[in-house]
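Working notes, structure below.
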Amino acid sequence: MKEKEQIKNLQSDLSFGAPDSNRESAKRIAIFGSTGSIGTQALDVIAANPDKFSVEVLTAQNNDELLVHQALKFSANVVVIGDEKKYGKVKEALAATDVKVFAGEKALEEVAAMDCYDLMIAAIVGYAGLKPTLKAISNNKAIALANKETLVVAGDIVMRKAVENRVPIIPVDSEHSAIFQCLVGETRNKIEKVILTASGGPFLGRKPNYLVNVKREHALQHPNWTMGAKITIDSATLMNKGLEMIEARWLFNLKPEQIQVVIHPQSIIHSMVQFEDSSIKAQMGLPDMKLPIQYAMTFPHRIPNTFPRYDFRKPNTLTFEDPDIKTFRNLALATEVLFKGGNLPCVLNAANEIAVYAFLRNRINFLDMTDVIEKAMEHITFIEKPTLEEYFESDGEARNFSADLIKL
Ligand code: NDP
Ligand code: MG
């Protein structure tokens, strides 16, 4: 069977890992990045469905207090705190329980390899999510993937390993969940293109003379979604949509020219698939990440919930327009790396992480972020077919180069 078909069959036919959660015992969940926006919403879904899910693993980087609170509330089996200095504090707070406590970057990978869970919710932000996710795939764990950077950095290797291990990667990102939902029942039908919708972020319609003065607080206000700081800035620069094009390329085995971005400020259509007979399927609903999170956790089933419903009778015009890639140059750069491939998406991602970090600390201005990424793309040696090691190296080189440039 061709690899493309294998991926499709896996994604649509497998009822992964655990026994059918609707009818049998609870699915055992590991949330990597449980204290973040996606992580806490995944816990909300679990809290509303205690018979369907149990919490096995929770991880945080710095937020020890919330991690401890979550571990107690959900009777977790294992917790990992990334910052090793906080190990003692977490251990002490959980001393009266059976919760196993680990700390540090390596522990994230070791825990990802444990047998105690069925489904990893990959909700760490940034490159840091790559290694634990790869480890989970190598250990045949199903993945509900929020951490898009994992696919941006090393999508070819990640998807190949998933196919080899017969591991489904179920998207959590709302656009990709939408496409995934549109593809259910379409296993053998050819996709002509996917249409990724983008809200346009808080600066839709603005021009560079405005953007140059934009401050962190302003950029952190997203019109439709409440999310972690990094993805909120990525949404304001449209880098998020660029990363999502690359994510879609790997998740659905598409050619770059099959991916189109359209601005849809109301965020009601979460994305669309156009098939070779010209038919277009869209997945719609109010913008609420809990739905794609829940769907990834219950796939291939749907379960009831009390989330607010979209009402077509209320006046609301749905509009669509082309993105302004002359102003939002990050999207142009991401499209370029989508086409060129190799280690360029990894370089773009690393430089972007450093640039966003610097912008959030008021070290560079909004438009400087694009310059940093562009210079890193020019500077780092192109590798057409990188190994995993070479991806790690490219990431490190691009980070160092960008940090030097900004004088971080
Ligand atoms: P947040 O910043 O809210 O949360 C990130 C989580 O990762 C936290 O638990 C954080 O711990 C942990 N973390 C941060 N840095 C590290 C590190 N170096 N090593 C290990 N863990 C770390 O992010 P979001 O929840 O917004 O986003 C998570 C991922 O999901 C991103 O890749 C994002 O692109 C994607 N996504 C998010 C959406 C959203 O609505 N938020 C929508 C679609 C995709 P601590 O709290 O202790 O810092
Ligand atoms: Mg998205």
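The values are calculated or read from the model by the stated rules, or taken from the named source; none is laboratory data. Bear in mind that the values here come from a model prediction, so they are computed numbers and not experimental data. Glycine gets a Cβ as well: all are built from the backbone with ideal geometry, and neighbour counts include every protein chain shown. Areas reflect the complete protein model, heavy atoms only, side chains present, ligands, DNA and RNA absent. Shrake-Rupley method; radii C 1.70, N 1.55, O 1.52, S 1.80 Å.
Quick one: in region 152-174, which of the residues that are over 30 Å from His264 (Cβ atoms) and not in a helix (DSSP H, G or I) is nearest to ligand 1 (Cβ to nearest atom)?
Filtering first and then ranking leaves Val167.
Show me the helices (runs of 4 or more DSSP H) found entirely inside region 306-379 where at least 2 residues are more than 18 Å from Leu243 (Cα to Cα) and out of contact with any strand residue (DSSP E or B) (no Cβ under 8 Å at 6 or more places or on another chain).
344-360, 368-379
Please find, among Lys290, Lys230, Lys281, Lys255, the residue that is away from ligand 2 (no atom under 12 Å from the Cβ) and closer than 16 Å to Pro308 by Cα.
Lys290
Pick out the one residue from Lys89, Lys73 that is more than 22 Å from the chain's Cα centre (by Cα), open to solvent by 50 Å² or more (accessible area, probe 1.4 Å) and farther than 25 Å from Ala142 by Cβ.
Checking each option against the conditions leaves just Lys89.
Considering only region 218-262, how many residues are within 20 Å of Leu286 (Cα to Cα), away from ligand 1 (no atom under 12 Å from the Cβ) and surrounded by fewer than 20 Cβ atoms within 10 Å (Cβ to Cβ)?
Qualifying residue count, region 218-262: 3.
Of all the residues that make up region 136-151, how many are in a helix (DSSP H, G or I) and either among the acidic types (Asp, Glu) or more than 18 Å from Lys106 (Cα to Cα) (or both)?
In the first step, residues of region 136-151 are kept if they are in a helix (DSSP H, G or I); the result is 136-138, 149-151.
Among the residues that remain, those that are also either among the acidic types (Asp, Glu) or more than 18 Å from Lys106 (Cα to Cα) (or both) are: 149, 151.
So the count comes out to 2.
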